[in-house]
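*Asks:* Once you've had a glance at the structure underneath, I'll fire off some questions.
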Amino acid sequence: MKEILNINNEKYARECLNEALEIGVNFKLNADFKAKKFEKNNMEKLLKTPTKGVELKKLLKSFENDIIPYCSNFGNEKFMGFPDSGNSIAGISGAILSDFLQQNLINSSFCAPIATYMEIAVIKWFRELLGYKIKDIKNIWDVGGIITYGGTGSNSVAMMLARENFKKNTMINGIHNPSDYKVILPKGIGHYSIKSSLMWLGCGDNVIEVPTENFRYNLQELKKTIEKNKGKIMAVVCYVGDSRTMTIENLKGVYDIVKNIDSNIWLHADACHGFSLAFSEKLKNRIEGINLFDSISTDPHKVLTIPYCVSALLIKNPEKFKLITSTSDLIMQEDFAWGQITPFIGSKSWVSLKIWFMMQNIGIEKIGKMIEKRCSMAEKFAKIVNDSPDFVLLNDVNINSVVFMYVGEKNKKFKYNVENLNKLNSKIHEKLLDDGKYHLHKFTLSDDKGIIKKGETLTPLRYMSGNPNISVKTLNDLLNYIRNIIKDL
């Protein structure tokens, strides 16, 4: 068959694959975030079942002309909604090769012999960077981490570990009283993955939200909450860069309070963003104390310019993975079969190869400099916003998030109309989406600092970029673009 790779169609395969590569590179280098907006009433033509095939070269050309213009280019420097740029050349190379090589890490001896050990190496590198102890690795339970397909997966496994640590053999015996399985989160900034994973795991919606100050736990309130619910708390979750303001929690302070009251409470650090600071000698002090936590989730695809999707969950005590071990005659009972400790994952692709390539290619020192530049660029943008006459800054920049609002005229004595400001900034965001030139994130956020009105729910804009190509000019151009939007509105 012409469509299946073999020695007889090598020339045709190379031509098609080279063309696909060319389309991909052209897309990444596109000048705008998105060329066209796809209207959902046009979806019907996409749903048509392909009863007859299309020759691949024609299909590629059609894809380039009819699909690519509607795609969002996260690798463009004008995309400032998330840091997920995915434009590491080595990372993309690893993504391509992992799909070509088709290694299945569920078992090691025959499915993925060398891939298994290379994935172990990646986890070891992360553990070293974050300050976890490294033990001799004789089997899968000595590694102290797993690769998942995203931060939600990593956080879900962390909550499963917390549950089993809290009440042994819950996997076997089930949950009899869900209200006993409580998890503490900081109010208003908790990521949805924790609450969702607790419901998926049968623990119910038993999240306790503790008030915050400047987007961190109010430590006195945290202490009161733990003492009041002593014996019913299975985990406390901290954010090493929350998904809205990127504020880093007082890690040592939280650790001391939690473990002094109940040493059995599982402490989880959602460091999907903040773990990147560990690469920098200059910045890693900002996450001091993270190595005290029982588990840490990381998202390389968010912060290391690696293509989607790859995450890593690390745990302080590697043997705790025995709490959630699965056994089956379909998973070989061998020392390095990942399938024994990767919940929700069956066949396991070699997604960590993207990390391996990127880290080998750039090296930890240079990655650290890249992270420093990213944080510096956010600090510069925060200053530009602060110094402007028409925008206000809503957060302190800990990593690379700048949360801000257009207010028209900045005046400390002026009482802002919150409802009108929220509507105006929502319209700005809608126009950005329609235009496709720039992109910022938008969400709701409690005004913890009292910049607009303390305690009010705001709908701000947010800059957060992980793109090494971004410049101060791009940032100034963005604000001027928003000002032009305001004129049109």
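*Asks:* Does any residue in region 1-18 that is of a type in the set (A, V, I, L, M) come within less than 8 Å, Cβ to Cβ, of a residue that is assigned to a helix (DSSP H, G or I) and at pLDDT 95 or above six or more places away or on a different chain, and which pairs are these?
*Replies:* L5/A13
*Asks:* Another one. From F166, F126, grab the single residue that is in contact with a Gly (Cβ under 9 Å, 6 or more places away or on another chain) and touching a residue at least 24 places away in the same chain (Cβ under 8 Å). I'd like the intermediate steps shown before the answer.
*Replies:* Details: F166 fails: in contact with a Gly (Cβ under 9 Å, 6 or more places away or on another chain).
F126 is the lone residue from the list that is in contact with a Gly (Cβ under 9 Å, 6 or more places away or on another chain) and touching a residue at least 24 places away in the same chain (Cβ under 8 Å).
*Asks:* Tell me, which residue of region 86-133 that is among the hydroxyl-bearing types (S, T, Y) and at pLDDT below 95 is surrounded by the fewest Cβ atoms within 10 Å (Cβ to Cβ)?
*Replies:* Filtering region 86-133 for residues among the hydroxyl-bearing types (S, T, Y) gives 88, 93, 98, 108-109, 116-117, 132.
Now drop any that are not at pLDDT below 95, which leaves 108-109.
On the way: S108: 24, S109: 12.
So the residue we want is S109.
*Asks:* Can you find a residue that is among the β-branched types (V, I, T), touching a strand residue (DSSP E or B) at 6+ places or on another chain (Cβ under 9 Å) and modelled with pLDDT of 95 or more anywhere in region 461-477?
*Replies:* So the first thing to find is which residues in region 461-477 are among the β-branched types (V, I, T), and the list is 470, 472, 474.
Next, from what is left, pick out any that are touching a strand residue (DSSP E or B) at 6+ places or on another chain (Cβ under 9 Å): none.
No; the residues of region 461-477 include none that is among the β-branched types (V, I, T), touching a strand residue (DSSP E or B) at 6+ places or on another chain (Cβ under 9 Å) and modelled with pLDDT of 95 or more.
*Asks:* Further, regarding this structure: Only one of S352, S401 is in contact with a Lys or Arg (Cβ under 7 Å, 6 or more places away or on another chain) and crowded, with 22+ Cβ neighbours inside 10 Å. Can you tell me which? I'd like the intermediate steps shown before the answer.
*Replies:* Details: S352 fails: in contact with a Lys or Arg (Cβ under 7 Å, 6 or more places away or on another chain).
Sole residue among the options that is in contact with a Lys or Arg (Cβ under 7 Å, 6 or more places away or on another chain) and crowded, with 22+ Cβ neighbours inside 10 Å: S401.
*Asks:* Considering region 474-489 alone, what residues qualify as being among the charged types (D, E, K, R) and within 30 Å of the chain's Cα centre (by Cα)?
*Replies:* To start, the set of residues in region 474-489 that are among the charged types (D, E, K, R) comprises 477, 483, 487-488.
The answer is D477, and nothing else.
*Asks:* For region 348-390, which positions are outside any helix (DSSP H, G or I), modelled with pLDDT of 95 or more and closer than 30 Å to F110 by Cα?
*Replies:* S349, W350, V351
*Asks:* Something else: Only one residue in K2, K37 is exposed (fewer than 13 other Cβ atoms within 10 Å of the Cβ), touching a Gly at 6+ places or on another chain (Cβ under 8 Å) and not hydrophobic (A, V, I, L, M, F, W, C), so which one is that?
*Replies:* On the way: K2 fails: touching a Gly at 6+ places or on another chain (Cβ under 8 Å).
On inspection, the qualifying residue turns out to be K37.
*Asks:* For residues in region 290-327 being among the hydroxyl-bearing types (S, T, Y) and assigned to a loop (DSSP other than H, G, I, E, B), which is farthest from the chain's Cα centre (by Cα)? Please lay out each step first, then the result.
*Replies:* Step one: of region 290-327, the residues among the hydroxyl-bearing types (S, T, Y) are 295, 297-298, 305, 308, 311, 325-327.
Narrowing the set further to residues that are assigned to a loop (DSSP other than H, G, I, E, B) leaves 305, 308, 325-327.
Numbers: T305: 12, Y308: 10, T325: 26, S326: 27, T327: 30 Å.
Only one residue fits best here, namely T327.
*Asks:* Moving to a separate point now. Please note which helices (runs of 4 or more DSSP H) are completely contained in region 146-211 and include at least 1 residues that are basic (K, R), modelled with pLDDT of 95 or more and under 17 Å from F321 (Cβ atoms). Give the derivation first.
*Replies:* Details: elements: 151-166, 170-173, 192-200.
Hits in region 146-211: 151-166.
*Asks:* Take region 110-120 and flag every residue that is closer than 15 Å to P318 by Cβ and either in contact with a helix residue (DSSP H, G or I) (Cβ under 8 Å, 6 or more places away or on another chain) or free of Cβ contacts under 8 Å to residues at least 24 places away in the same chain (or both). Full working, then the answer.
*Replies:* Applying the first criterion (closer than 15 Å to P318 by Cβ) to region 110-120 yields 119-120.
Selection gives E119 alone.
*Asks:* For a quick check of your reading of the model, give me the residue pairs whose first member lies in region 271-295 and is touching a residue at least 12 places away in the same chain (Cβ under 8 Å), whose second is assigned to a loop (DSSP other than H, G, I, E, B) and among the basic types (K, R), with beta-carbon atoms closer than 8 Å and at least 6 apart or on different chains.
*Replies:* As it stands, the answer is N291/K316; L292/K316; F293/K316; D294/K316; S295/K316, since those pairs meet every condition given.
*Asks:* Only one of these conditions is not met by Y255: (1) assigned to a loop (DSSP other than H, G, I, E, B); (2) among the aromatic types (F, W, Y); (3) more than 30 Å from S72 (Cβ to Cβ). Which number is it?
*Replies:* (1)
*Asks:* To continue, here is another question. Out of everything in region 406-420 that is at pLDDT 75 or above and closer than 15 Å to K454 by Cβ, what residue ends up being surrounded by the fewest Cβ atoms within 10 Å (Cβ to Cβ)? Spell out how you get there, then give the answer.
*Replies:* First pass over region 406-420, keeping only residues at pLDDT 75 or above: 406-410, 416-420.
Then drop every residue that is not closer than 15 Å to K454 by Cβ, which leaves 416, 418.
Values: Y416: 19, V418: 16.
Top of the filtered list is V418.
*Asks:* N395 versus (1) surrounded by 15 or more Cβ atoms within 10 Å (Cβ to Cβ); (2) closer than 30 Å to V122 by Cα: which is the lone unmet condition?
*Replies:* Among (1) surrounded by 15 or more Cβ atoms within 10 Å (Cβ to Cβ); (2) closer than 30 Å to V122 by Cα, the lone unmet condition for N395 is (2).
The values are calculated or read from the model by the stated rules, or taken from the named source; none is laboratory data. Just so it is clear, the structure is predicted and the values come from calculations on it, not from any experiment. Note that we place each Cβ from the backbone using ideal geometry, even for glycine, and neighbour counts take in every protein chain shown.
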